[in-house]
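Below is one structure, written out as structure tokens, with a few remarks after it.
The values are calculated or read from the model by the stated rules, or taken from the named source; none is laboratory data. The model shown is predicted, which means the values in this text are computed figures rather than measured ones. Cβ placement follows ideal geometry from the backbone for every residue including glycine, while neighbour counts extend to all protein chains displayed. When the accessible area is computed, the model is the full protein with side chains, heavy atoms only, and any ligands, DNA or RNA have been set aside. Shrake-Rupley method; radii C 1.70, N 1.55, O 1.52, S 1.80 Å.
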Amino acid sequence: MTKDNRPFPSLEEIKRAAEIIRSGGLVSFPTETVYGLGADALNPVSVARIFDVKNRPLFDPLIVHVASLSSIIELTEGLETRAEKLIKRFMPGPLTLVLPKSKIVPDIVTSGLPTVAVRMPDHKVALELIHQAGVPIAAPSANPFGYLSPTTACHVKEQLEEKIDMLLDGGRCILGVESTIIKLDGQEPLLLRYGGLPVEEIKDVIGQICIPELQDDKPESPGHLPYHYSPHTSMKFIEDIKDEDIDGKKAGLLAFEAPRNDNDISFESIEVLSKKGDLIEAAANLFSALHRLDSLGLDIIIAETFPLVGLGRAIMDRLQKAVNNRITVK
Ligand code: TXA
Ligand code: MG
């Protein structure tokens with residue numbers, strides 16, 4: 001256990017997990033954002049297993065997790081100054097940089113793109129695992145494609161346990177939303193995903209960032225689909241609720257602070273993300289609360305909207321995608 005009572009795998013366990021990675025297996029491991037499902041990034045066959053286990057389309061590239069700047073240099077081609085500044089300021093941390101790739105990165109990792117996504121997680125277990133494995137680790141979030149991301153080892157167990165070789169339990173993920181993704185390929189910096197590092201902080205270091213409108217048919221990031229991160233239960237924002245959505249239906253509420261419930265709906269269950277109205281706490285609780293609501297057999301989950309500042313943007317991005325859900329998840 002750590003000081004804050006989170007489990008911490010022993011060095012022996014982490015070494016065993018590293019050996020599994022080196023010999024081509026899949027290990028789920030904790031990070032500060034969400035749990036990842038890792039394989040040796042330089043072994044195309046192991047990486048292919050990730051796509052298989054997650055049921056993830058091959059056009060959706062993976063993030064390569066590293067534990068040092070020298071790995072980033074090996075995986076990329078000619079780091080530009082803005083990338084160097086961001087790495088120095090925010091890594092390890094909840095930031096992923098999409099950079100021109102070097103020849104050592106297999107095409108399956110990048111879905112054939114000329115860029116590679118790199119990230120240094122701010123989590124002792126993840127860093128030790130990468131260090132012990134001695135190879136960079138390609139890892140998406142450890143959930144079936146399109147479903148809610150896992151923020152506890154229990155979520156991973158429920159969704160993927162029988163399909164993976166080992167799960168390192170590091171307790172609850174402190175941040176609870178995925179990393180912010182920025183593309184730097186010599187052009188204007190481009191935001192590909194809102195996430196755990198607020199864009200305001202990134203702008204402070206490199207100035208203006210281009211934030212594209214989300215487009216249904218042509219997402220900037222292959223995985224940046226307008227539907228994603230979705231529970232099985234259908235979702236709507238409270239502002240969009242009509243009588244027929246709730247008449248005779250079992251509804252759950254995802255609330256920010258105290259539930260407002262202006263519409264006088266009787267909810268089967270209410271999840272409050274942060275009683276004190278703190279967006280960081282709300283982000284940390286988001287996926288767990290959605291997992292709980294999704295397990296109740298409700299007809300609809302109704303979500304409040306969150307302020308579009310700081311981590312509120314990442315929360316709203318995930319909720320918007322869950323509301324747009326068009327994927328049938330098995
Ligand atoms: O916090 C996180 O980022 C977590 C933890 C496990 O590190 N990982 C994560 O991975 O969220 P995943 O696979 O669920 O999301 C990665 C996103 C996808 O939307 C993918 O399309 C995008 O990164 N991506 C990866 N490589 C890319 C590239 N070369 N160009 C554009 N987008 C890329
Ligand atoms: Mg994911």
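I'd like to verify a number: residues in segment 119-144 that are within 16 Å of ligand 2 (Cβ to nearest atom) and either without any contact (Cβ under 8 Å) to a residue 60 or more places away in the chain or within 21 Å of residue 196 (Cβ to Cβ) (or both), how many? Lay out the reasoning, then the answer.
Residues of segment 119-144 that are within 16 Å of ligand 2 (Cβ to nearest atom), as a first pass: 119, 121, 126, 137-144.
Within this subset, residues satisfying the condition of being either without any contact (Cβ under 8 Å) to a residue 60 or more places away in the chain or within 21 Å of residue 196 (Cβ to Cβ) (or both) are 119, 121, 126, 137-143.
The qualifying residues number 10.
Please indicate, with yes or no, whether at least one residue in segment 280-291 is at pLDDT 95 or above, crowded, with 18+ Cβ neighbours inside 10 Å and farther than 16 Å from residue 34 by Cβ. Within segment 280-291, none of the residues are at pLDDT 95 or above, crowded, with 18+ Cβ neighbours inside 10 Å and farther than 16 Å from residue 34 by Cβ.
Which of the following residues is under 26 Å from residue 191 (Cα atoms) and touching a residue at least 60 places away in the same chain (Cβ under 8 Å): 33, 81, 76? Write out each step before concluding.
Working: 81 fails: touching a residue at least 60 places away in the same chain (Cβ under 8 Å); 76 fails: touching a residue at least 60 places away in the same chain (Cβ under 8 Å).
Going through 33, 81, 76 in turn, just one is under 26 Å from residue 191 (Cα atoms) and touching a residue at least 60 places away in the same chain (Cβ under 8 Å): 33.
Based on what the data block shows, is residue 29 under 23 Å from residue 152 (Cα atoms) and either aromatic (Phe, Trp, Tyr) or open to solvent by 50 Å² or more (accessible area, probe 1.4 Å) (or both)? So residue 29 fits the description; yes.
Selection of first residues in segment 168-189 that are in contact (Cβ under 8 Å) with a residue 40 or more places away in the chain and part of a loop (DSSP other than H, G, I, E, B) and of second residues that are among the basic types (Lys, Arg) and open to solvent by 60 Å² or more (accessible area, probe 1.4 Å), restricted to Cβ pairs under 7 Å at least 6 apart or on distinct chains, gives the following pairs, ordered by first then second residue: 184/82; 189/82.
A quick yes/no check of all residues on (1) at pLDDT 95 or above; (2) open to solvent by 10 Å² or more (accessible area, probe 1.4 Å); (3) among the aliphatic types (A, V, I, L, M):
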position	(1), (2), (3)
147	no, yes, no
152	yes, yes, no
159	no, yes, no
164	yes, yes, yes
177	yes, no, yes
221	no, yes, no
226	no, no, no
239	no, yes, no
244	no, yes, no
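Among residues of segment 271-288 that are at negative phi, those with a beta-carbon under 6 Å from a residue that is polar (S, T, N, Q) and assigned to a helix (DSSP H, G or I) at least six positions away or on a different chain give the pairs 273/285. Here residue 268 does not fit the description of being under 16 Å from residue 176 (Cβ atoms) and open to solvent by 60 Å² or more (accessible area, probe 1.4 Å).
Within segment 27-54, can you find the residues that are more than 13 Å from ligand 1 (Cβ to nearest atom) and of a type outside the set (Asp, Glu)? Listed by number, the residues that qualify are 42, 43, 44, 45, 46, 48, 49. Of the residues contained in segment 18-26, none is found to be within 16 Å of ligand 2 (Cβ to nearest atom), buried (at least 22 other Cβ atoms within 10 Å of the Cβ) and either aromatic (Phe, Trp, Tyr) or within 17 Å of the chain's Cα centre (by Cα) (or both).
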